[in-house]
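Reading through the C-alpha cells given below for one structure.
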2 protein chains.
Amino acid sequence: MDQIEIFKALSNKTRLQILNWLKEPELHFPDHKASCGESDGGVCVGHIQKKAGLTQSTISEYLAVLQRAGLVTANRVGQWTYYKRNEEAFAALSNLVASEL
Amino acid sequence: MDQIEIFKALSNKTRLQILNWLKEPELHFPDHKASCGESDGGVCVGHIQKKAGLTQSTISEYLAVLQRAGLVTANRVGQWTYYKRNEEAFAALSNLVASEL
DNA sequence: AATATATATCGGTATTTCCCGATATTCCAA
DNA sequence: TTGGAATATCGGGAAATACCGATATATATT
C-alpha cells in the first residue's frame, strides 16, 4: 500500500477512465465475452486499448502502472491478459483517505 | 474539485507530510504561537519550511500546489501567510474516493 | 515449423515535476 | 525612508511521466 505510487497512478485521466470502465465491464465492453471469452470480470488489453484510443504500448504500460499500485490484478489466460479492479485495494484506499490523510 | 490536480498534489512525500502536520498544528509546531502569533490554526510558511528541511522557495511552491488543489487555504496577515487544511475538501475527497473512484 | 494474434518491453521525444539559488514583492520597524 | 523579515516568483538542471513506433515474447492455429 504505497500511497504515493497509488496517487501517482490516479493522476492521469486515461487511467482514471480505465478504472471506471472496469467497475462495470459488461456495460462498457458489451462484446467482450463474444471475442475474448469468459474471464471472471476481467477485460483484455486490446479492448481497453480500443476504447481508450491510445496505442497498445501505452495502454499496456498504464495497466502495469495500475497493477504496480495494486489497483488492478492481471490474469493471463492463453494469449490474453485479463485485468480487473482490485476492490480490496480501493476499500483500503478509501479507509486511508477517510482517516489518515 | 479537480481530481487529477488533487491526486497530483498528493503524489509527493513532503506535501503529504505537510498535510499531516497541519492536522495538529499545535502538536507539530509547538512554538509557533510564540513566534508567529495567533493564527486560527494556520501555520506560517517559515515554520513549515524549517520542519520540512527543503528550501523556502520549494515549500512556498508546494503550498501553492496544495492551495490550487483546494486542500489548504491561505490567510495573509501582515508579513505572514498562514496555511491550514481545508477539511471540507478532504471530506469531499473522501466521499469521492469512497463512491466514484 | 510457420504464421498470426495478444501482450510486453525497448528506445525515444516532449512535457511535467522536483528542487534549487537568485530576485522581486510585501509588510513592519527603526 | 531605509533596512530587515516573510513570502512569492523566476529561471534552470535533473529526473520522472506521457505518449509513440518498433521490436520481442508468448500463445494458438495451421
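The values are calculated or read from the model by the stated rules, or taken from the named source; none is laboratory data. Given the structure is predicted, the values throughout are model-derived calculations rather than measurements. Positions of Cβ are backbone-derived with ideal geometry, glycine not excepted, and every protein chain shown enters the neighbour counts. The accessibility values were calculated without ligands, DNA or RNA, using every heavy atom of the protein model including side chains. Shrake-Rupley method; radii C 1.70, N 1.55, O 1.52, S 1.80 Å.
Descriptive notes on the structure:
- Residue A:9 passes every criterion in (1) in contact (Cβ under 8 Å) with a residue 40 or more places away in the chain; (2) more than 9 Å from every other protein chain (Cβ to nearest Cβ); (3) of a type in the set (Gly, Ala, Ser) apart from (2).
- The condition of being open to solvent by less than 80 Å² (accessible area, probe 1.4 Å), part of a loop (DSSP other than H, G, I, E, B), more than 28 Å from residue A:91 (Cα to Cα) and away from every other protein chain (no Cβ under 12 Å) holds for only one of B:57, B:39, B:35, that being B:39.
- Count of residues meeting criterion [more than 8 Å from DNA strand C (Cβ to nearest atom) and either part of a helix (DSSP H, G or I) or open to solvent by 40 Å² or more (accessible area, probe 1.4 Å) (or both)] in segment B:42-54: 8
- Residues (open to solvent by less than 60 Å² (accessible area, probe 1.4 Å) and of a type in the set (A, V, I, L, M)) located in segment B:1-21: B:4, B:6, B:9, B:10, B:16, B:18, B:19
- One residue from A:19, A:66 being within 14 Å of another protein chain (Cβ to nearest Cβ), touching a helix residue (DSSP H, G or I) at 6+ places or on another chain (Cβ under 6 Å), part of a helix (DSSP H, G or I) and not charged (D, E, K, R): A:66
- Residue match in segment A:82-98 (condition: touching a Pro at 6+ places or on another chain (Cβ under 8 Å) and either in a helix (DSSP H, G or I) or open to solvent by 50 Å² or more (accessible area, probe 1.4 Å) (or both)): yes
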